[in-house]
Structure formats: structure tokens, C-alpha cells
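In what follows, a single structure is set out as C-alpha cells and then discussed.
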């Protein structure tokens, strides 16, 4: 399982549009090129591209059409999550034939990738809801063996507080219920999320060997709760996720300079 995770591009219908003063589409394209270039230099190549939510800031058909056009340029399977800045019906209509869209449980390499949809209409916080929680429990019981094959989970909203009061108020409302269902799964290797526009790394409560990993945004960064391991907290970024034949999750934070020059602090106000 080799996954390149990007997150929170906040695209617009206008291909030249600027979201919070930054060229969203150009930054996503640049980030994709930079990430693939960095991985190539390491002799790595992803099996799948995961974009973990807040795909389209203006929630328009045109915004998803811009994403569809960009994805035609890359010969990779794609998985997409809806975030609070998304319109799930338009997302599925525009991209349902090009990408796997949450909720879904998909085979990836020698393991499984569980995609969850935390979009909640009219709310910046996220929620899976009882129907999706029941669905995931049934799918895990039916598809994922009790031992052996690894499982990676992806959701837009963080299921735990990250230590930022503003972000913690808009996290996944039923995060505890999600973790209660995941905790007993022996093959669980990690959970990744977006939404927070920054690197974040913490343990799953009750399973300290299982990491919870927040992904930077391709658009702009929020003030970091934790130090950036690369010393570049204001730069756009992504994450490399690799589960090899030994079943161990290895991950790497990726950063690159933004396409429009040095990081702009004025563009990094903490608004999700």
C-alpha cells in the first residue's frame, strides 16, 4: 500500500481564481508535481492519490470540473473525501467515474483503505452519523480479516482534539464512536485526516502504536500546534504513506515552496 495524501486544496470554479489570496488550482497542480518529484527522487511511486477533503471552496460544478481536468493529467487511481467545503452530490456526479469517493472500503496493495464521509450539511464540524457507523462496522466484519491484512482509515475531520481550541470545536462530532469501532481491529495501522491545514501526529487512545496523522494543505497553512519536523510549518505539504510486506506503516511528511513564492503569513489566518 503506497499512498500520496494531499488535502484541502479549496478549488474554485474559476481556474484562475484565488482562495484566501492564493491560486488554488495552480497550488494543487504544483503540489502534485512537487510531491511526485520528491517521491521519485527517493525511488518511490504511489499506487493511489488520496485527497482528503475540502476539495471545492465554492462548492460548484465548475470547481469539481477543474479537479476532474487535473486528475486526467495523472495516471493514478484516486480516492476523494468530502469535507465541510464540499457538496457531496456534485462531487459524486462530477468525479464518480474517475475516483473512489467516500464512503468506501477498497483493496489497496496488500491491505485495505477505509474512506469515510464526514461532511455535515450546513456545519463546519464533521459527523459520520449512525448509518455510516453501522455500515463501517458491517464492512469491517465482512471484508477485513480478524488478523493479518493491514487497514488504513481516512476521514476529513480529526476524530480527537488536536490542541487548538478553534479547530477542536469543529472536529468530528462522533469521533469517539468511530474510534470505539476501530480500536478492536487488529490490523488497524493508522488513521489520516485533513481539515487542520497542518502536520499533526498523535496516538489513537487505547492503541498507542496506531498513529493519527493530520495532513497539511496544498493551499495554505494554519498556525501549527506541533513543531514541523522539517522546520517549514508555513509551506504547503502532503504526506507519503507506505505499508509494506511486513505490515508496518511508514510515513513521511512532505513540504515544498508555494508556486507564488515564499510563504505568505497574511494568507494563513486560521479559518477552515
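Only one residue in 240, 256, 200 is surrounded by 18 or more Cβ atoms within 10 Å (Cβ to Cβ), over 21 Å from residue 144 (Cβ atoms), modelled with pLDDT of 95 or more and more than 14 Å from the chain's Cα centre (by Cα), so which one is that?
Unique residue meeting the criteria: 256.
Filter the range 2-18 for residues that are out of contact with any strand residue (DSSP E or B) (no Cβ under 8 Å at 6 or more places or on another chain) and either under 14 Å from residue 215 (Cβ atoms) or crowded, with 24+ Cβ neighbours inside 10 Å (or both) and give the result.
8
Only one of 210, 225 is out of contact with any helix residue (DSSP H, G or I) (no Cβ under 6 Å at 6 or more places or on another chain) and assigned to a loop (DSSP other than H, G, I, E, B); which?
225
Looking only at the range 66-77, decide whether some residue is crowded, with 18+ Cβ neighbours inside 10 Å and touching a helix residue (DSSP H, G or I) at 6+ places or on another chain (Cβ under 7 Å).
yes
Which pairs have Cβ atoms under 7 Å, sit 6 or more apart or on different chains, and link a residue in the range 25-50 that is under 27 Å from residue 107 (Cβ atoms) to one that is assigned to a helix (DSSP H, G or I)?
28/70; 45/39; 46/39
Contact list please: Cβ distance under 7 Å, first residue in the range 156-171 and touching a residue at least 60 places away in the same chain (Cβ under 8 Å), second residue outside any loop (DSSP other than H, G, I, E, B), pairs at least six apart or on different chains.
Note: pairs meeting the criteria are 156/126; 156/193; 157/126; 157/172; 157/193; 162/168; 162/200; 162/214.
Does residue 232 count as part of a strand (DSSP E or B), surrounded by fewer than 22 Cβ atoms within 10 Å (Cβ to Cβ) and modelled with pLDDT of 95 or more?
no
Looking for whichever is crowded, with 16+ Cβ neighbours inside 10 Å, in contact (Cβ under 8 Å) with a residue 40 or more places away in the chain and on the phi < 0 side of the Ramachandran plot here; the options are 53, 109, 62. Which one fits?
Matching residue, one of 53, 109, 62: 62.
Check 132, 87 and return the single one that is buried (at least 17 other Cβ atoms within 10 Å of the Cβ), free of Cβ contacts under 8 Å to residues at least 40 places away in the same chain and more than 29 Å from residue 242 (Cβ to Cβ).
87
The values are calculated or read from the model by the stated rules, or taken from the named source; none is laboratory data. Keep in mind that what you see is a predicted model, and the values were worked out from it rather than measured. Here the Cβ is made from the backbone with ideal geometry for all residues, glycine too, and neighbour counts use every protein chain on show.
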